[in-house]
Structures are given as structure tokens and as C-alpha cells.
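Chemist: Structure provided below as C-alpha cells; questions to follow.
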Amino acid sequence: MPFEVRKVEITSVTDASGLERLIRDGVFTADEVVAVIGKTEGNGGVNDYTRILADQAFRGVLMEHGSRSEADVKAIPMAWSGGCDGVITPHATIFARVPDTKGADTDEKRLSVGIAMSDVLLPEDIGRPAMVEKVAEGVRRAMAAAGITDVADVHYVQTKTPLLVQDTIADAHRRGMTVYTEDTLYSMDISNGTTALGIALALGEIPGVPAAEAIGRDHSLFSTVASCSSGVELDRAQIVLVGNAAGSRSHYRVGHAAMRDAIDQDGIWDAIRSAGLDLPERPHHTDLGGRLVNVFLKCEADPRGKLRGRRQLPLDDSDVHHHRQIKGAVGGVTAATVGDSAVFVSVAALHQGPLGGGPVAAIVRVD
């Protein structure tokens with residue numbers, strides 16, 4: 001069955017009217033929605049509850065307009081990334097599996113989506129090889145669910161995993177266990193990075209399970225398709241895998257590339273070309289012709305403190321956290337490149353793309 005993919009703006013922290021409008025217009029039914037990936041307007045930190053508010057709003061619409069049970073609706077993966085610094089507009093990208101009658105008449109590989117949940121991630125797993133292995137097993141199941149047999153056809157893996165908070169740290173200690181870090185904000189980076197290594201392991205991007213001392217430290221280990229986010233919403237890895245599969249018959253394709261640094265516009269264009277759009281040598285956003293659904297990026301402040309030889313200061317700033325600075329900067333670069341401020345830009349890119357850069361995925365309508 002083919003997939004429909006649409007992007008809607010979120011006009012307030014609890015707004016799900018864009019989703020409701022698509023359902024009312026018959027683009028897809030509430031019961032056909034399989035995943036949501038979105039940006040919310042909070043601080044993007046440990047205590048960013050705008051993610052929970054958006055989650056409740058979107059699930060509420062699916063309950064109101066669909067026939068699925070509350071338990072089934074709660075099981076739908078919704079990966080919310082908090083923080084719309086700079087020009088980034090809050091929005092959601094919605095994936096729905098629609099009837100075959102809505103599919104394209106093609107034998108090409110087209111967009112397919114696979115969903116999976118990992119085994120429970122204990123507080124002591126975060127930042128350690130156990131988490132890598134649990135995530136990898138979930139990614140393999142998501143790939144099978146998408147009907148993808150070749151890892152080269154996987155272009156985007158969006159995850160949501162737990163990070164460490166005071167309660168979970170205390171739980172580990174009560175059971176005689178240690179945790180990777182007791183800095184809850186830093187645990188976001190570590191959770192994301194360890195998850196990325198699990199994705200890389202499942203897709204053959206790294207040769208095996210990394211040693212414990214390599215996690216968070218060996219920057220030569222990374223995934224080019226991972227987009228990992230973490231929060232307080234769940235206790236396992238929620239996995240949305242997007243690739244191109246034979247027989248999907250979607251009107252869409254997905255591709256990926258990498259930004260080598262925070263201002264690498266070519267990396268964004270390379271991802272769009274990878275998805276199947278023909279573009280001139282020096283493209284402009286007007287060349288997209290409305291065919292770009294969305295781009296999904298990970299970024300980080302380069303720990304070397306340099307950008308193409310120029311000194312960078314975010315890591316020395318005690319007033320504004322470097323997460324917010326780099327997100328606003330890369331969001332601005334991306335919005336200017338594609339001519340749209342509703343772009344998915346997420347921080348904490350440890351083990352996701354090259355050092356100082358990050359993966360880029362693009363979904364385009366090809367028919």
C-alpha cells in the first residue's frame with residue numbers, strides 16, 4: 001500500500017487543526033495515520049512540555065475522527081522535537097498508509113515507512129553498549145516492516161528515546177546500578193548518540209558494537225541517516241524508518257546526504273537530488289516547484305570551535321546554550337536554502353553525521 005506524506009503548520013502549542021483539516025478533506029483517514037514527526041515551540045530541553053501538549057492534541061484528533069482504540073492511538077509513534085529557535089516554524093509531518101487506489105502507476109522504488117519499538121531502555125543502558133544493541137534490533141524490525149531488504153534504500157531513521165532525569169537516576173542507584181552521567185541535559189546528547197550508533201550497527205555503517213569507551217568519544221563512528229531525539233515521554237526507542245521500497249507505489253521518494261558543517265547548503269541540495277528531483281547545478285528554492293515536502297536535519301556546535309577556519313563562540317557562551325544557537329543558525333541556513341521556514345532541524349547530533357555537520361533527509365513528491 002502507498003504512503004501519503006503531508007506537512008502542516010502548528011499555529012499554537014495545542015493546535016492540531018492542520019491534521020484535522022487533512023482528515024476532513026479526505027487526504028487520508030484518521031485510522032490511516034501511522035506516524036508524526038514534528039517541531040514544537042518550547043525550549044527543547046529536558047523540561048520542554050510543549051512536546052507532550054502537541055502529542056496530546058494530535059492523538060486527540062485521531063481519537064475523535066477514527067475508530068482505533070485509545071491503546072492503539074497511543075502506540076502510534078509521534079517524534080516531537082522541541083525548540084523553534086531563530087526562524088523555524090512549528091510544524092508536523094504526517095505519514096499515512098492509504099488504499100492502493102491512491103497509489104502511483106510505477107514500478108520504481110517509492111517511499112515506505114516501517115515502525116518499531118525497542119525493548120525497554122533502563123537508565124543504566126543509556127550511553128552504553130546495551131542501548132546500542134537494543135536500538136539495532138528495533139531498527140532491523142522497522143526495516144522489515146517497511147518491506148526494505150537493502151540497507152542502501154534506508155534514507156532516514158527518526159527515533160525518540162528516554163534521557164536521564166532525577167527520578168530515573170535515583171531508580172538506577174536504588175538497584176545498585178550506575179549511570180553514564182548525572183547531568184540531565186548532557187544525557188540528551190548521550191542518549192541521541194548511543195541511539196545513532198544502534199542505527200549505524202543495524203545498517204552496517206559501523207563494523208560492530210562499539211566499546212563502551214568509544215560511545216560519546218570516538219567521532220569517527222556515526223550514522224548518515226540517523227535523526228535521534230530524546231525526552232521524558234517514553235522508556236524505549238520509538239523508531240520511524242523511512243526508505244524506498246519496491247511495490248510501495250507512493251507518490252513520494254526519500255533521499256539523504258550530509259552537511260559537512262553548519263553552513264553547507266550543498267548538503268541540503270544533495271539530499272533533495274538523492275530523493276529524485278532534477279535540479280540545476282546552482283539551484284534556487286524556486287526550482288523546487290512545490291515538490292519538496294520537508295527536509296530533516298541534525299546539527300551540533302562543532303566541538304573544535306571552528307567553522308571553515310573561523311573561530312566560533314557558542315560553546316563558550318554561558319548565557320545561551322549552544323544547542324539553541326546552532327539550531328537557530330542551521331535553521332536559518334536551511335530555511336533560506338529551501339525557501340520555507342517550516343523545516344525539521346534538531347540538535348544534539350553526536351554520532352549523527354560528520355563532526356560539526358549532520359545528516360540531511362529530504363522527502364519529495366515525484367509524480
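Chemist: For the stretch 119-131, does any single residue satisfy the condition of being modelled with pLDDT of 95 or more, farther than 30 Å from A336 by Cβ, more than 19 Å from the chain's Cα centre (by Cα) and assigned to a strand (DSSP E or B)?
Modeler: So far as the stretch 119-131 goes, yes, one or more of its residues are modelled with pLDDT of 95 or more, farther than 30 Å from A336 by Cβ, more than 19 Å from the chain's Cα centre (by Cα) and assigned to a strand (DSSP E or B).
Chemist: While we're here: Name the residues in the stretch 178-196 that are out of contact with any Phe, Trp or Tyr (no Cβ under 8 Å at 6 or more places or on another chain) and under 22 Å from G138 (Cβ atoms), would you?
Modeler: V179, Y180, M188, D189, S191, N192, G193, T194, T195
Chemist: Residue check: is D167 out of contact with any strand residue (DSSP E or B) (no Cβ under 7 Å at 6 or more places or on another chain), modelled with pLDDT of 95 or more and among the charged types (D, E, K, R)?
Modeler: Yes, satisfied.
Chemist: Any idea how many residues of the stretch 207-249 are open to solvent by less than 50 Å² (accessible area, probe 1.4 Å), in a loop (DSSP other than H, G, I, E, B), among the hydrophobic types (A, V, I, L, M, F, W, C) and farther than 12 Å from V132 by Cβ?
Modeler: Adding up the residues that qualify gives 2.
Chemist: Which residues, counting only those in the stretch 142-169, are over 25 Å from the mean Cα position of the chain (by Cα) and open to solvent by 40 Å² or more (accessible area, probe 1.4 Å)?
Modeler: Within the stretch 142-169, Q166, D167 qualify.
Chemist: Which of the numbered conditions does L315 fail, given that it passes all the others? Conditions: (1) part of a loop (DSSP other than H, G, I, E, B); (2) modelled with pLDDT of 95 or more; (3) under 23 Å from D218 (Cα atoms); (4) not aromatic (F, W, Y).
Modeler: It fails just one condition, (1).
Chemist: Could you list all residues from the stretch 1-16 that are outside any loop (DSSP other than H, G, I, E, B) and touching a Ser or Thr at 6+ places or on another chain (Cβ under 7 Å)?
Modeler: F3, V5, K7, E9
Chemist: Now for a different question. Residues in the stretch 78-111 that are within 25 Å of H321 (Cα to Cα), polar (S, T, N, Q) and at pLDDT 95 or above: how many?
Modeler: Selection size over the stretch 78-111: 1.
A quick yes/no check of all residues on (1) of a type in the set (S, T, N, Q); (2) over 23 Å from I363 (Cβ atoms); (3) not in a helix (DSSP H, G or I):
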position: L19; (1), (2), (3): no, no, no
position: A35; (1), (2), (3): no, no, yes
position: N47; (1), (2), (3): yes, yes, yes
position: V61; (1), (2), (3): no, no, no
position: R68; (1), (2), (3): no, yes, yes
position: A71; (1), (2), (3): no, yes, no
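Chemist: Going residue by residue through the stretch 23-37, is there one that turns out to be of a type outside the set (A, V, I, L, M) and under 30 Å from D183 (Cβ atoms)?
Modeler: no
Chemist: Condition test on G114, is it modelled with pLDDT of 95 or more and either surrounded by fewer than 24 Cβ atoms within 10 Å (Cβ to Cβ) or in a loop (DSSP other than H, G, I, E, B) (or both)?
Modeler: For G114, the condition - modelled with pLDDT of 95 or more and either surrounded by fewer than 24 Cβ atoms within 10 Å (Cβ to Cβ) or in a loop (DSSP other than H, G, I, E, B) (or both) - is not met.
Chemist: Between a first residue in the stretch 349-367 that is basic (K, R) and a second residue that is open to solvent by 10 Å² or more (accessible area, probe 1.4 Å), which pairs have beta carbons less than 6 Å apart while being 6 or more apart in sequence or on different chains?
Modeler: These pairs meet every condition: R365/H251; R365/R291.
Chemist: Any idea how many residues of the stretch 321-336 are surrounded by fewer than 18 Cβ atoms within 10 Å (Cβ to Cβ) and at pLDDT below 95?
Modeler: Number of matching residues: 0.
Chemist: Out of the residues in the stretch 85-110 meeting the condition of being touching a Pro at 6+ places or on another chain (Cβ under 8 Å) and closer than 30 Å to G198 by Cβ, tell me which one is surrounded by the fewest Cβ atoms within 10 Å (Cβ to Cβ).
Modeler: By that ranking, first place goes to R97.
Chemist: In the stretch 267-292, how many are open to solvent by less than 20 Å² (accessible area, probe 1.4 Å) and under 20 Å from the mean Cα position of the chain (by Cα)?
Modeler: 6
Chemist: Under 6 Å between Cβ atoms, at least 6 apart or on separate chains: pull out the pairs that start in the stretch 10-31 with a residue that is closer than 21 Å to H251 by Cα and open to solvent by less than 60 Å² (accessible area, probe 1.4 Å) and end on any residue that is of a type in the set (F, W, Y) and part of a helix (DSSP H, G or I).
Modeler: L19/F58
The values are calculated or read from the model by the stated rules, or taken from the named source; none is laboratory data. Given the structure is predicted, the values throughout are model-derived calculations rather than measurements. Reconstructed Cβ throughout: ideal geometry from the backbone, glycine too, with neighbour counts over all protein chains shown. Side chains included, ligands, DNA and RNA excluded: accessible areas come from the protein's heavy atoms. Shrake-Rupley method; radii C 1.70, N 1.55, O 1.52, S 1.80 Å.
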